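Engineer: What follows is a single structure, and I will ask about it in a moment.
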Amino acid sequence: MNRQELFNLSIDPPDEETAFRVRARWDAVAKPLDALGRFEEMTIRIGAMLRDEELDLSKKTVVTFCADNGIVAEGVTQTGQSVTAAVAESIAAGTASVSRMAETVGAGVLPVDIGINSRDSVPGVLNRRVRAGTENFLETPAMTEEECLRAIECGMEIAEQLKVEGVSIIASGEMGIGNTTTGSAVAAALLGLSASLVTGKGAGLSESGFKRKIEVIDQAVGKYGLHKTDPLAILYTVGGLDIAGMTGLFIGGALFHLPVVVDGMISAAAALLAERLVPGVKEYMLASHMGKERACRLLLSELSLVPVIDADLALGEGTGAVMLFSLLDQVLSVYHGNTTFSKLFLKPYERFEGT
């Protein structure tokens, strides 16, 4: 896929007729109108995305893109790159946080090596490595445009394959030392803000490390003039391969009519990139939680997405998105299983104009 082919993609909007039918089914359930609040609205949107009022979300998968980032050379992290491969292997073995959490809700876990800095493949991890980690973006762009497009295409292909396998909802996840720096740099460039407004401490930086992280992002955004350039250039200049893969996953979800759950700040940066690259993609996104990183609220607001969990989560890997799977299962147990007003021989609540 080249740049023009990416920009020529178009997204079918969710089906409003299905949304109407899902809302009507909710209104027939024996409870007050809209009693489950934003969860009802979310399931109505999911029905419209899937074009199916049955809302069968029994087959669900979290896709965790794993990649290393050359910017760690600038002292912006507490740990080294070897952690990325170790956690990726743990995800595949079923012992990582996201694996444990996904198991409890019956979700599949697909770890993807899209850019781990290792000579060897990681056991149990899907090898779609574009390159062994990115460059130090303070010195040179993180990757080439061609590499970036390959990573985006990888995410799109994974979404398509999951659709073929019958998956009906996807969670986006990532693992990569240094990716709160790349995510914050992408956010600063996309939102036109200084690094101090969008950057957090990631996995526990010292005050000096945090200050260095902000300096690095501001220097890079200024060096490349990223406030004035297009989203693809932002991504390949200061982004990461995990972010590029998630960007493609969001685009693929929209192309193949699958809801994709936004996880934390890094996932939200990929989500906004996807929407800027292919307008309309955000109509197939769901927000799981308000992450702890500063940029998360700003990115979700730009996407007009409202999360349903606010608990200062900062674990990554797709864990917050998997939490939403569990909540949706509970909500849909009411949608599918509750008795209706008609079975109770009761008059249902009425909707009045504007409600």
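Engineer: Just need a number here: residues in the range 100-121 that are in contact with a helix residue (DSSP H, G or I) (Cβ under 6 Å, 6 or more places away or on another chain), not in a strand (DSSP E or B) and not small (Gly, Ala, Ser). Give the derivation first.
Structural biologist: Of the residues in the range 100-121, the ones in contact with a helix residue (DSSP H, G or I) (Cβ under 6 Å, 6 or more places away or on another chain) are 101-102, 105, 107, 109, 111, 114-116, 118.
Add one more test, that the residue is not in a strand (DSSP E or B), and what stays is 101-102, 105, 107, 116, 118.
With the extra rule that they be not small (Gly, Ala, Ser), the set shrinks to 101, 105, 116.
Final tally of qualifying residues: 3.
Engineer: Give the number of residues within the range 164-189 that are within 16 Å of the chain's Cα centre (by Cα) and among the hydrophobic types (A, V, I, L, M, F, W, C).
Structural biologist: From the range 164-189, those within 16 Å of the chain's Cα centre (by Cα) are 168-176, 179-180, 182-184, 186-187; that's our starting set.
Now restrict to residues that are among the hydrophobic types (A, V, I, L, M, F, W, C): 169-171, 175, 186-187.
Number satisfying all stated conditions: 6.
Engineer: With the condition kept exactly as written, say whether any residue in the range 61-69 is modelled with pLDDT of 95 or more and over 19 Å from the mean Cα position of the chain (by Cα).
Structural biologist: Just the residues of the range 61-69 that are modelled with pLDDT of 95 or more, to begin with: 61-69.
Those left that are additionally over 19 Å from the mean Cα position of the chain (by Cα): none.
For the range 61-69, residues modelled with pLDDT of 95 or more and over 19 Å from the mean Cα position of the chain (by Cα): absent.
Engineer: For a quick check of your reading: which helices (runs of 4 or more DSSP H) sit entirely within the range 1-99 and have at least 2 residues that are of a type in the set (S, T, N, Q)?
Structural biologist: On the way: elements: 3-7, 16-28, 37-50, 82-93.
Counting at least 2 such residues, we get 82-93.
Engineer: Now for a separate question. Which residue out of Met143, Met101 is within 26 Å of Glu215 (Cα to Cα), under 22 Å from the mean Cα position of the chain (by Cα) and crowded, with 22+ Cβ neighbours inside 10 Å?
Structural biologist: Values: Met101 fails: within 26 Å of Glu215 (Cα to Cα).
Exactly one of Met143, Met101 is within 26 Å of Glu215 (Cα to Cα), under 22 Å from the mean Cα position of the chain (by Cα) and crowded, with 22+ Cβ neighbours inside 10 Å, namely Met143.
Engineer: May I pose another question? Would you pick out the residues in the range 308-331 that are within 22 Å of Lys201 (Cα to Cα) and crowded, with 19+ Cβ neighbours inside 10 Å?
Structural biologist: Step one: of the range 308-331, the residues within 22 Å of Lys201 (Cα to Cα) are 309-321.
Correct list: Leu313, Ala314, Gly316, Glu317, Gly318, Thr319, Gly320, Ala321.
Engineer: Applying the selection to the range 23-45, what residues are more than 28 Å from Glu157 (Cα to Cα), hydrophobic (A, V, I, L, M, F, W, C) and free of Cβ contacts under 8 Å to residues at least 60 places away in the same chain?
Structural biologist: So the first thing to find is which residues in the range 23-45 are more than 28 Å from Glu157 (Cα to Cα), and the list is 23-41.
If we keep only those that are hydrophobic (A, V, I, L, M, F, W, C) too, we end up with 24, 26, 28-30, 33, 35-36, 39.
Ala24, Ala35, listed by residue number.
Engineer: If you check Ala48 against the conditions, is it without any contact (Cβ under 8 Å) to a residue 12 or more places away in the chain, of a type in the set (A, V, I, L, M, F, W, C) and closer than 26 Å to Val308 by Cα?
Structural biologist: Numbers: without any contact (Cβ under 8 Å) to a residue 12 or more places away in the chain: no; of a type in the set (A, V, I, L, M, F, W, C): yes; closer than 26 Å to Val308 by Cα: yes.
Considered against the rule, which asks whether it is without any contact (Cβ under 8 Å) to a residue 12 or more places away in the chain, of a type in the set (A, V, I, L, M, F, W, C) and closer than 26 Å to Val308 by Cα, Ala48 comes out as no.
Engineer: Determine which member of the set Ile177, Ile170, Ile214, Ile158 is of a type in the set (A, V, I, L, M, F, W, C), buried (at least 24 other Cβ atoms within 10 Å of the Cβ) and more than 22 Å from Leu9 (Cβ to Cβ).
Structural biologist: Residue meeting the stated conditions: Ile177.
Engineer: Of the conditions (1) farther than 30 Å from Val130 by Cβ; (2) touching a strand residue (DSSP E or B) at 6+ places or on another chain (Cβ under 8 Å), Val62 clears all except one; give me its number.
Structural biologist: (1)
Engineer: Sticking with this structure for a sec: Within the range 29-38, is there a residue that is more than 30 Å from Ile116 (Cα to Cα), in contact with a Lys or Arg (Cβ under 7 Å, 6 or more places away or on another chain) and buried (at least 20 other Cβ atoms within 10 Å of the Cβ)? Outline the logic, then answer.
Structural biologist: Going through the range 29-38, the residues more than 30 Å from Ile116 (Cα to Cα) turn out to be 29-38.
From what's left, in contact with a Lys or Arg (Cβ under 7 Å, 6 or more places away or on another chain): 33.
Still in the list and also buried (at least 20 other Cβ atoms within 10 Å of the Cβ): none.
The answer is no, given that none of the residues of the range 29-38 is more than 30 Å from Ile116 (Cα to Cα), in contact with a Lys or Arg (Cβ under 7 Å, 6 or more places away or on another chain) and buried (at least 20 other Cβ atoms within 10 Å of the Cβ).
Engineer: Okay, next question. Only one of these conditions is not met by Lys163: (1) touching a Ser or Thr at 6+ places or on another chain (Cβ under 9 Å); (2) within 25 Å of Val112 (Cα to Cα). Which number is it?
Structural biologist: Among (1) touching a Ser or Thr at 6+ places or on another chain (Cβ under 9 Å); (2) within 25 Å of Val112 (Cα to Cα), the lone unmet condition for Lys163 is (1).
Engineer: So Cys296 passes all but one of these: (1) within 21 Å of Leu226 (Cβ to Cβ); (2) of a type in the set (A, V, I, L, M, F, W, C); (3) buried (at least 24 other Cβ atoms within 10 Å of the Cβ); (4) touching a residue at least 60 places away in the same chain (Cβ under 8 Å). Which condition number does it fail?
Structural biologist: Condition not satisfied by Cys296: (4).
Engineer: In the range 12-28, which residue that is surrounded by fewer than 18 Cβ atoms within 10 Å (Cβ to Cβ) and modelled with pLDDT of 95 or more is farthest from Tyr349 (Cα to Cα)?
Structural biologist: The qualifying residue farthest from Tyr349 (Cα to Cα) is Asp12.
Engineer: Let me ask another. Taking the range 221-242 only, how many residues are within 25 Å of Arg129 (Cα to Cα), hydrophobic (A, V, I, L, M, F, W, C) and touching a helix residue (DSSP H, G or I) at 6+ places or on another chain (Cβ under 7 Å)?
Structural biologist: Going through the range 221-242 one residue at a time, the tally reaches 5.
Engineer: Please indicate, with yes or no, whether at least one residue in the range 197-217 is in contact with a Leu (Cβ under 6 Å, 6 or more places away or on another chain) and over 22 Å from Ala254 (Cα atoms). Explain how you work it out, then say what you get.
Structural biologist: Residues of the range 197-217 that are in contact with a Leu (Cβ under 6 Å, 6 or more places away or on another chain), as a first pass: 216.
Next cut, over 22 Å from Ala254 (Cα atoms) only: 216.
Among the residues of the range 197-217, at least one is in contact with a Leu (Cβ under 6 Å, 6 or more places away or on another chain) and over 22 Å from Ala254 (Cα atoms), which makes the answer yes.
Table: residues versus (1) surrounded by 13 or more Cβ atoms within 10 Å (Cβ to Cβ); (2) in contact with a strand residue (DSSP E or B) (Cβ under 8 Å, 6 or more places away or on another chain); (3) under 18 Å from Ile266 (Cβ atoms); (4) of a type in the set (A, V, I, L, M).
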site: Gln78; (1), (2), (3), (4): yes, no, yes, no
site: Val83; (1), (2), (3), (4): yes, no, yes, yes
site: Gly108; (1), (2), (3), (4): yes, yes, no, no
site: Asp113; (1), (2), (3), (4): yes, yes, yes, no
site: Val122; (1), (2), (3), (4): yes, yes, no, yes
site: Leu126; (1), (2), (3), (4): yes, yes, no, yes
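The values are calculated or read from the model by the stated rules, or taken from the named source; none is laboratory data. As the structure is a computational prediction, the values presented were derived from the model and not from experiment. All Cβ positions, even for glycine, are placed from backbone atoms using ideal geometry, and neighbour counts span all protein chains on display.
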